[in-house]
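The values are calculated or read from the model by the stated rules, or taken from the named source; none is laboratory data. Since the structure is predicted, the reported quantities are computational estimates derived from the model, not experimental observations. Glycine gets a Cβ as well: all are built from the backbone with ideal geometry, and neighbour counts include every protein chain shown.
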Amino acid sequence: MRAASGPELWLLRLMAERGLRLLGATGLIIAMTRESELEVVAEAGAATPRVRSLPLHGSALGTVCESRTSLALEQPTARETPWLTELGVAAAAVLVEPLPFEGQLGLLIALGDREPGFDRSEVAAASDLARSIVERLEAERSTERERLRHGVLARERERTRWARELHDETVQGLASLRLLLESARCLNDSHERQQVLENALAEVDREIDALRHLITELRPAALDDLGLVAALEALARRAGAIDGLTVNTDIAVNGPVPRLGPEAESAVYRIAQEALTNVAKHSGAAHAELALHVQGDRLLATVRDDGIGFASADPASTMTARPESSGNGAVAAATGFGLSGMQERAELVGADLDVTSEPGAGTTVRVSVPISGPTTT
């Protein structure tokens with residue numbers, strides 16, 4: 001039985017506050033099992049237990065939890081509710097509702113200080129609240145599993161991409177180098193052999209540069225050491241040097257540059273990188289612009305080009321299309337590792353992705369990320 005995640009804890013605390021008002025209780029406690037322990041994970045009102053963790057087996061509260069039954073008691077005695085003593089709380093009336101959730105056990109405990117105790121409508125409301133909590137937890141965990149699934153798929157696509165890059169670039173280059181060295185070994189003329197060896201050395205230098213480029217793409221040091229702005233500027237220079245593009249940068253960030261979380265910065269960098277890669281390989285553009293601006297509480301990165309654009313007036317409609325179904329190279333690239341990959345990256349960090357394009361009028365890719373946390377210069 002796993003511990004509640006951060007979003008689940010936030011949800012439980014929110015539901016505890018809601019339940020406090022809904023039931024007219026003075027205090028409300030939510031406890032969930034974690035392995036062999038029963039832990040208080042949320043509380044509201046005057047409920048401040050002195051003990052926050054009890055053994056599931058061997059404690060009075062654990063026995064109540066394992067019974068999975070509802071309780072409604074007025075003026076409970078110590079004999080009736082020894083688990084109140086275990087928690088270190090007191091109440092003139094109590095309501096208990098089980099919270100069975102994906103193999104985990106849990107309890108919703110409402111405490112009252114009035115007489116008479118909770119009425120029938122409040123007992124029914126407690127049952128409805130417990131059911132709502134379980135449904136919301138199930139929805140949250142389903143969403144979390146979906147996020148994890150998208151993350152796994154994104155990583156698998158990334159691995160496939162690098163495998164293809166290594167095969168098409170590095171392996172082919174090494175095969176060419178081997179042929180050069182094989183031919184040098186068969187030459188009797190020392191001058192010709194020397195020339196072939198010189199060519200082989202030049203090929204080695206090219207492969208070293210190519211591998212350095214791949215390593216930089218895997219995780220640019222500038223992203224960790226100097227931040228997103230420096231990494232994007234280096235990306236623009238590299239696109240110009242390697243792909244022959246003219247890439248202008250428009251970094252219009254006044255004052256300290258907002259630093260995002262590592263995942264968010266990596267997502268913005270990768271989306272910009274993918275956009276420039278598509279520009280170089282498929283758009284037929286001569287010029288591109290990489291811009292970075294702050295708009296309110298969001299950081300906006302934009303890549304636009306003057307290329308052929310998409311055949312479809314709605315690039316977003318191609319995100320789920322099969323690459324082989326289109327005759328347009330840019331669309332095929334986008335549906336393979338381009339637009340769909342960008343969309344997944346954006347969703348994983350809570351960013352918004354917008355792609356606009358017109359045939360013959362270029363393409364614009366925008367990613368907008370919420371800014372949070374401190375800034376740095």
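General remarks:
Table: residues versus (1) within 16 Å of residue 19 (Cα to Cα); (2) among the aliphatic types (A, V, I, L, M); (3) out of contact with any strand residue (DSSP E or B) (no Cβ under 9 Å at 6 or more places or on another chain).
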position: 51; (1), (2), (3): no, yes, no
position: 62; (1), (2), (3): no, no, no
position: 74; (1), (2), (3): no, no, no
position: 80; (1), (2), (3): no, no, no
position: 83; (1), (2), (3): no, no, no
position: 97; (1), (2), (3): yes, no, no
position: 112; (1), (2), (3): yes, no, no
position: 122; (1), (2), (3): yes, no, no
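- Looking at 185, 161, 193, just one residue is closer than 20 Å to residue 211 by Cα and of a type outside the set (A, V, I, L, M, F, W, C), and that residue is 161.
- Condition check for residue 137: in contact (Cβ under 8 Å) with a residue 12 or more places away in the chain, in contact with an Asp or Glu (Cβ under 8 Å, 6 or more places away or on another chain) and within 30 Å of residue 276 (Cβ to Cβ): no
- Flag if residue 154 is among the aliphatic types (A, V, I, L, M), in contact with a Gly (Cβ under 9 Å, 6 or more places away or on another chain) and surrounded by 11 or more Cβ atoms within 10 Å (Cβ to Cβ): yes
- Residue 18 meets all of the listed conditions (1) surrounded by fewer than 14 Cβ atoms within 10 Å (Cβ to Cβ); (2) part of a helix (DSSP H, G or I); (3) not small (Gly, Ala, Ser) but one, namely (1).
- Selection of the range 150-203 for residues being hydroxyl-bearing (Ser, Thr, Tyr) and within 21 Å of residue 343 (Cα to Cα) yields only 160.
- Residue check for residue 140: part of a helix (DSSP H, G or I), surrounded by 15 or more Cβ atoms within 10 Å (Cβ to Cβ) and touching a Pro at 6+ places or on another chain (Cβ under 9 Å): yes
- Some residue of the range 11-28 being of a type outside the set (A, V, I, L, M, F, W, C), over 21 Å from residue 133 (Cβ atoms) and either at pLDDT 90 or above or assigned by TED's automatic domain parsing to the domain that holds residue 139 (or both): no
- Enumeration of residues in the range 26-62 that are outside any strand (DSSP E or B), buried (at least 19 other Cβ atoms within 10 Å of the Cβ) and touching a Pro at 6+ places or on another chain (Cβ under 8 Å): 62
- If you go through the range 112-133 and keep only what is surrounded by fewer than 17 Cβ atoms within 10 Å (Cβ to Cβ) and in contact (Cβ under 8 Å) with a residue 12 or more places away in the chain, you end up with 113, 114, 115, 116, 127, 132.
- When residue 145 is tested against (1) closer than 27 Å to residue 61 by Cβ; (2) part of a helix (DSSP H, G or I); (3) among the basic types (Lys, Arg), exactly one condition is not met: (1).
- Against the criterion of being touching a Gly at 6+ places or on another chain (Cβ under 8 Å), of a type in the set (Lys, Arg) and surrounded by 14 or more Cβ atoms within 10 Å (Cβ to Cβ), residue 193 does not qualify.
- Test: residue in the range 270-280 that is surrounded by fewer than 14 Cβ atoms within 10 Å (Cβ to Cβ) and either modelled with pLDDT of 85 or more or within 25 Å of residue 158 (Cα to Cα) (or both): no
- For the range 343-375, the set of residues classified as among the hydrophobic types (A, V, I, L, M, F, W, C), at pLDDT 85 or above and within 21 Å of residue 229 (Cα to Cα) consists of 346, 351, 353, 365, 367, 369, listed by residue number.
- Selection from the range 248-265 of residues that are buried (at least 20 other Cβ atoms within 10 Å of the Cβ) and modelled with pLDDT under 85: 258, 260
- Scan of the range 80-129 for residues that are assigned to a loop (DSSP other than H, G, I, E, B) and closer than 22 Å to residue 38 by Cα, ordered by number: 80, 81, 88, 89, 90, 91, 99, 100, 102, 103, 105
- For the condition crowded, with 21+ Cβ neighbours inside 10 Å and touching a Gly at 6+ places or on another chain (Cβ under 8 Å), residue 94 qualifies.
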